[in-house]
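Novice: I'd like to ask some things about the structure below.
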Amino acid sequence: MNRIKTLNEYSESYAKSIQNRDAFWSEIAHSFQWRKPWSSVCEGSMEAGSYSWFNAGELNITENLLDKHLTEKGNQVALIWEPNEPSVDFRKFTYNELHNEVCLVAEMLRSMGVRKGDRVCIYMSMVPELVFSVLACARIGAVHSVIFGGFSAKSIADRVDDAEADFVITMDGGLRGNKTIPLKAVVDEALTSTRKIKNVLVYNYLNLPTEKKEIDVDWNELKARVLSNNDYIKPGETMQSEDPLFILYTSGSTGKPKGVVHSTAGYMVWTAYTFLNVFQYQEGDIHFCTADIGWITGHSYLIYGPLLNGSTSLMFEGIPTFPDAGRFWDIVAKHKVSIFYTAPTAIRSLMSAGDEFLEGKNLTSLRILGSVGEPINEEAWNWYNEKIGKGHCPIVDTFWQTETGGIMISSLAGVTPSKPVFATLPLPGVQPVLLNEQGQEILENETTGNLCFAQPWPGMIRTTYGDHARCVMNYFSAYPGYYFTGDGAYRDSNGMYRLTGRVDDVLNVSGHRIGTAEVENAINHTPGVIESAVVGYPHDIKGQGIFAFVICDPHHHLEDHEQIQAITKTVSEQIGAIAKPDKIVLVSGLPKTRSGKIMRRILRKIAEGEFDAIGDTTTLLDPSVVQEIMAKAK
Ligand code: WT7
């Protein structure tokens, strides 16, 4: 696969990718290892919300990210693991070693009876064994579904049931800053209310006391057994291009997270291609993606994209502020990181911690900086550029989604022009369009609209697990003939895109996607709560904060602060701490139209503190509630 090295090459590639799409992707796909070549590159339609790529091709993705590299770079480091505690030794794995570990865990899973097509939920913290587990699933053709370690037992149960999983991989506990997370206990609680699981594979990491259930399999014991047989280095399962590789749950505008399904070959080609070009990966780069593997960024740019390219990928167990706000920069200096990829929320929090945490940190190894997950504000962009990049590292502001599999709109570092706060230009193969409310394409520049994609790309979502109609409804029916992102965007006079935020009821809190309906459902589980409405509001560090307006039963005798505490606790139990509202006000009514629809526009203005901009309230059933809500929200 050739890297795009000049603006001219970008323009040529882009033109070819649109005019001659199949020939373009065919050429790129030839640089991978196939067991059987594909017969057609892309088939399907936007109307059906269904595409297939590299049809009839056969391959195993782990052979493309492990076996393929062994002859030339078997001794090169593939994975560096930096622990939560700086005093603990870091671990590293060469491609030979990673291959060995993945084959070992693959054989452990096989011996447990995990078969091609089975769904395996993985609930672990950021340790190398998580990477081994993910890749071991891919090796044997099992479909991994990683669940972020911050989700609650209830969230795990929902995902295990929705994915129809037969197996779970977890560990006794994980470390995040000065907290220990009892992962196994949370899984135990989750599994009391789910379908019957065949086995739970438990990695003992911290020697925490855990309950041993009948279905539990001890990682270390099983590993010893498989090792003693000394016959675990085996080829991967033969997979069809369109066989699902993984499911990852993400929030939408309805109350229930949906299982986004990605397929094998298309996802492989897309993550490898976008990694190489956006980050301008070169031999010897050390790539540090700070995202948790529980999110799509960790899947695509910590594991798959870098390893498919034979890069060295660094994973960090901890959090940016432990033991202090200089930790990322210590890691950069210690491991000579050259590509650094993080979220605006982390940048803002480190910026606000103060520049003293940068003093004496050697950041000269850095070559390229990336931003992902939410719009980056100008102040954070400038700080990142000046204080971290010292003015000489191109910044790529990468726009994409769980559903897109990989980066869609971004500059190619140092190759295509960048512009602060703009994601800029589409990757080859990506055809962004702005549509107005009537669904017509807006052709002029210097305008905003709803961001859609007019052409399929290899890494696109294939379905939502178990419910293709939902996939069609969510992404392909709002604007027939297009994939709809749910985002608004502005296009400048040079055709560059700036994302302006979600246009649906999805919030982006600290780069985590949360549906307002999901939070409302959770709040409504609290005893005493009658109804709630949740909106987002601008938050200095998190990007968006969660503001909840809640109506409670006056006969439920709790003090207001107790009721608010109970609501917060319920949300943590139902979803996880990431969804806890930042502000909760108890009100006696919500602004509703005569047909009973909540006017969120009004609540948003109140949450933003823009009381003067509330506008017309005469269409409300009871306009007086607005005064009460404003008084309480002050
Ligand atoms: C939503 C997707 C991208 C992987 C991590 C998040 C927002 C993402 C940007 C960006 C402005 C962005 C969008 C998108 N978003 N990247 N560079 N600039 N907004 O994936 O959880 O699926 O969330 O994040 O609103 O729709 P996700």
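The values are calculated or read from the model by the stated rules, or taken from the named source; none is laboratory data. Please read these numbers as outputs of a predicted model, since none were measured by experiment. Methodologically, a virtual Cβ is constructed for each residue, glycine included, from the backbone with ideal geometry; neighbour enumeration extends over all protein chains shown. Please note that ligands, DNA and RNA were not included when accessible areas were found on the heavy atoms of the full protein model with its side chains. Shrake-Rupley method; radii C 1.70, N 1.55, O 1.52, S 1.80 Å.
Novice: List, in the order given, every pair from Lys68/Lys196; Lys361/Lys419; Lys68/Lys419 whose Cα-Cα distance in the structure shown is over 32 Å.
Specialist: Among Lys68/Lys196; Lys361/Lys419; Lys68/Lys419, the Cα-Cα distance tops 32 Å for Lys68/Lys196; Lys68/Lys419.
Novice: Stretch Arg601-Glu378 to full length: gain in nm at 0.36 nm per residue minus the Cα-Cα span? It would help to have the intermediate numbers written out before the result.
Specialist: On the way: separation 223, 0.36 × 223 = 80.28 nm, distance 2.60 nm.
Working it through step by step, the gained length comes to 77.7 nm.
Novice: Within 10 Å, count the other beta carbons around each residue, average over each peptide in 550-559, 194-203, 609-618, 160-169, and list them highest first. Walk me through the intermediate numbers first.
Specialist: On the way: 550-559: 13.6, 194-203: 17.9, 609-618: 11.5, 160-169: 22.0.
Result, highest mean Cβ count within 10 Å first: 160-169, 194-203, 550-559, 609-618.
Novice: So which aspartates and glutamates can Lys5 reach, going by Cα to Cα under 18 Å and dropping same-chain residues fewer than 8 places off?
Specialist: Answer for Lys5, where 18 Å is the Cα cut-off: Glu27, Glu283, Asp285, listed by chain and number.
Novice: I would also like to ask the following. How much accessible area per residue does the chain have, counting only protein heavy atoms and a probe of 1.4 Å, in square angstrom? Present the calculation step by step, with values, prior to reporting the outcome.
Specialist: Details: 23930 Å² over 634 residues.
Ligands and nucleic acids excluded, the figure is 38 Å² per residue.
Novice: Restricting to Cα pairs below 8 Å that are 6+ residues apart, what does the relative contact order work out to for the chain? Please round to a whole percent. Spell out each step's value before the answer.
Specialist: Working: 1365 pairs, mean separation 80.5, N = 634.
Taking the mean separation of contacting Cα pairs over the length of the chain, I get 13 percent.
Novice: Enumerate the amide H contacts of Thr424 below 5 Å, restricted to partners 5 or more residues apart or on another chain; note that Pro and chain-start residues carry no placed amide H.
Specialist: Tyr497
Novice: Among Ser595, Gln627, Gly609, pick out the residue whose Cα is farthest towards the positive end of the charge dipole of region 588-634, where Lys and Arg carry +1 and Asp and Glu carry -1 on C-beta, about the Cα centre.
Specialist: Of the candidates, Ser595 comes out farthest on the positive side.
Novice: Using the per-residue mean of other Cβ atoms lying within 10 Å as a proxy for protection, in what order, highest first, do the peptides 421-432, 331-342, 207-218 fall? All intermediate terms of the calculation are to be shown ahead of the outcome.
Specialist: Values: 421-432: 23.2, 331-342: 21.6, 207-218: 12.7.
Highest to lowest by the protection proxy: 421-432, 331-342, 207-218.
Novice: Starting from the Cα gyration tensor of region 42-117, take the square roots of the eigenvalues, sort them a ≥ b ≥ c, and report rounded, prolate or oblate (rounded when a/c is under 1.5, otherwise prolate if a/b is larger than b/c, else oblate). Let's see the in-between values first.
Specialist: Details: a/c = 2.01, a/b = 1.92, b/c = 1.05.
Prolate, since a/c reaches 1.5 and a/b exceeds b/c.
Novice: Quickly estimate the mean residue ellipticity at 222 nm for the chain, helices only: each DSSP H run with n ≥ 4 gives -39500 (n - 2.57), and the total goes over all residues, rounded to 500.
Specialist: Values: 18 runs with 179 residues, N = 634.
Calculated at 222 nm, the ellipticity per residue is -8500 deg cm²/dmol.
Novice: About the Cα centre of region 509-633, how large is the charge dipole given +1 on each Lys and Arg Cβ and -1 on each Asp and Glu Cβ? Please answer in debye to the nearest 20.
Specialist: On the way: 13 positive and 16 negative charges, 86 e Å.
The dipole magnitude comes to about 420 debye.
Novice: Normalised by the residues of region 509-633, what does the relative contact order come to in percent, with Cα pairs under 8 Å and at least six apart? Let's see the in-between values first.
Specialist: Working: 184 pairs, mean separation 29.4, N = 125.
Over region 509-633, the number comes to 24 percent.
Novice: Percent of alpha carbon pairs in region 440-547 separated by more than 20 Å?
Specialist: Values: 3213 of 5778 pairs.
Result: 56 percent of Cα pairs exceed 20 Å.
Novice: Charges only on Cβ, +1 for Lys and Arg, -1 for Asp and Glu: so what's the dipole of the chain about the Cα centre, in debye to the nearest 20? Write down the numbers at each step before the final one.
Specialist: Numbers: 58 positive and 75 negative charges, 118 e Å.
Dipole of the chain, to the nearest 20 debye: 560 debye.
Novice: Right, something else. Calculate what fraction, in whole %, of the accessible area of region 240-342 sits on carbon and sulfur atoms when a 1.4 Å probe is rolled over the protein chains.
Specialist: Numbers: 1050 of 1930 Å².
Taking all protein chains in place, region 240-342 shows 54 percent carbon and sulfur surface.
Novice: Quick one: 3J(HN,Hα) in Hz for region 317-322, Karplus 6.51/-1.76/1.60 with θ = phi - 60°, rounded, Gly and Pro as x.
Specialist: Along region 317-322, the couplings run 6, x, 10, x, 10, 10 Hz.
Novice: Continuing with the same structure: Once the piece of chain linking Leu206 and Asn20 is laid out straight, how much longer is it, given 0.36 nm per residue of separation minus the C-alpha distance between them? Walk me through the intermediate numbers first.
Specialist: Details: separation 186, 0.36 × 186 = 66.96 nm, distance 5.37 nm.
Computed gain between Leu206 and Asn20 is 61.6 nm.
Novice: Note the full-extension length gain between Ala224 and Lys336 as 0.36 nm times their separation in residues minus their Cα-Cα distance, in nm to one decimal.
Specialist: Values: separation 112, 0.36 × 112 = 40.32 nm, distance 3.49 nm.
That pair, Ala224 and Lys336, stretches by 36.8 nm at full extension.
Novice: For Leu507, enumerate residues with amide H under 5 Å from its amide H, sequence gap 5+ or separate chain, H modeled in the peptide plane.
Specialist: Excluding prolines and chain starts, which carry no amide H, the hits are Ile514, Gly515, Thr516.
Novice: Computed FRET efficiency, Cβ-Cβ of Glu531 and Glu47, R0 41 Å: what is it to the nearest 0.05? Write down the numbers at each step before the final one.
Specialist: On the way: r = 38 Å, r/R0 = 0.92.
Taking R0 as 41 Å, the efficiency between Glu531 and Glu47 is 0.65.
Novice: Cβ neighbours within 10 Å, averaged per peptide: list 136-149, 389-402, 259-272 in order, most packed at the top. Working shown, then result.
Specialist: Working: 136-149: 25.4, 389-402: 19.4, 259-272: 27.1.
My ranking of the peptides, most packed first, is 259-272, 136-149, 389-402.
Novice: Which whole-Hz couplings ³J(HN,Hα) result when phi for each residue of region 510-517 is put into the Karplus expression 6.51 cos²θ - 1.76 cosθ + 1.60, θ = phi - 60°, listed in order with x for Gly and Pro?
Specialist: With the stated coefficients, region 510-517 comes to 6, x, 9, 8, 9, x, 4, 5 Hz.
Novice: Still on this model: At a Förster distance of 60 Å, what's the computed FRET efficiency of Leu621 paired with Asp231, Cβ-Cβ distance as r, to 0.05?
Specialist: Numbers: r = 72 Å, r/R0 = 1.20.
In this case the efficiency is close to 0.25.
Novice: If you don't mind, another one. First check a/c for region 509-633, with a ≥ b ≥ c the square roots of the eigenvalues of its C-alpha gyration tensor; if it is under 1.5, answer rounded, and if not, answer prolate when a/b is larger than b/c or oblate otherwise. Please report the intermediate quantities before stating the final value.
Specialist: On the way: a/c = 1.78, a/b = 1.18, b/c = 1.51.
Oblate, since a/c reaches 1.5 and b/c is not below a/b.
Novice: Take a quick pass over region 509-633 and tell me how many lysine pairs come in under 14 angstrom between Cα atoms, counting only ones 8 or more apart or on separate chains. Before the final figure, lay out each step's value.
Specialist: Working: Lys542/Lys580; Lys542/Lys583; Lys569/Lys580; Lys569/Lys583; Lys583/Lys632; Lys605/Lys632.
Final tally of qualifying lysine pairs is 6.
Novice: Starting at the first residue of region 179-192, write each ³J(HN,Hα) from the Karplus equation 6.51 cos²θ - 1.76 cosθ + 1.60 with θ = phi - 60°, in whole Hz, x for Gly and Pro.
Specialist: The phi angles translate into 9, 10, 9, x, 4, 4, 5, 5, 4, 3, 5, 4, 6, 5 Hz.
Novice: Still on this structure: Just to verify a number: FRET efficiency for Lys419 and Glu441, C-beta to C-beta distance, R0 = 22 Å, to 0.05?
Specialist: Values: r = 23 Å, r/R0 = 1.05.
FRET efficiency, Lys419 to Glu441: 0.40.
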